[in-house]
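K.L.:
One structure follows; several queries about it will come next.
The values are calculated or read from the model by the stated rules, or taken from the named source; none is laboratory data. No experiment lies behind these values; they were computed from the predicted model shown. Backbone-built Cβ (ideal geometry, glycine too); neighbour counts: all protein chains shown.
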Amino acid sequence: MDIAAERIERLHELARAAAADRDDDRARYYVRLARRVAERNRLTLPREFRRFTCDRCDAYLRPGTNARVRLQNGHVVITCDCGAHARYPYED
Ligand SMILES: [Zn+2]
């Protein structure tokens, strides 16, 4: 794993920890940093990162707190508090 990928992983952990502390602003800050590192290094963000972050407002999503999760026609639909929806194929 290269340094940029490690850095993204670290920022992901920090964002998750901030979200667990209900510090949404700090979580967003880490999410944005991670996106920037990925962009600058042309890396794809880890799937878990993409699933648990909002593309519109960069929130780190916590189902039941700032996001709702529904199953719909074989898809997982995650709705952020900002109103953005994300759909993913259902996988187990
Ligand atoms: Zn959002």
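K.L.:
Return yes when V37 is more than 13 Å from the ligand (Cβ to nearest atom), over 30 Å from D2 (Cβ atoms) and at pLDDT 95 or above and no when it is not.
P.N.:
Numbers: more than 13 Å from the ligand (Cβ to nearest atom): yes; over 30 Å from D2 (Cβ atoms): no; at pLDDT 95 or above: yes.
Judged against the criteria, V37 is not a match.
K.L.:
Could you figure out which of (1) surrounded by fewer than 14 Cβ atoms within 10 Å (Cβ to Cβ); (2) touching a residue at least 12 places away in the same chain (Cβ under 8 Å) isn't true of F49?
P.N.:
(1)
K.L.:
Just one of (1) within 19 Å of A17 (Cα to Cα); (2) in contact with a His (Cβ under 6 Å, 6 or more places away or on another chain) trips up R87, so point out which.
P.N.:
(1)
K.L.:
To continue, here is another question. Which is modelled with pLDDT under 95 and either closer than 24 Å to Y90 by Cβ or within 13 Å of the ligand (Cβ to nearest atom) (or both), of T65, T53?
P.N.:
Details: T53 fails: modelled with pLDDT under 95.
Residue meeting the stated conditions: T65.
K.L.:
Shifting gears a bit: So, D24, is that one at positive phi and in contact (Cβ under 8 Å) with a residue 12 or more places away in the chain or not?
P.N.:
no
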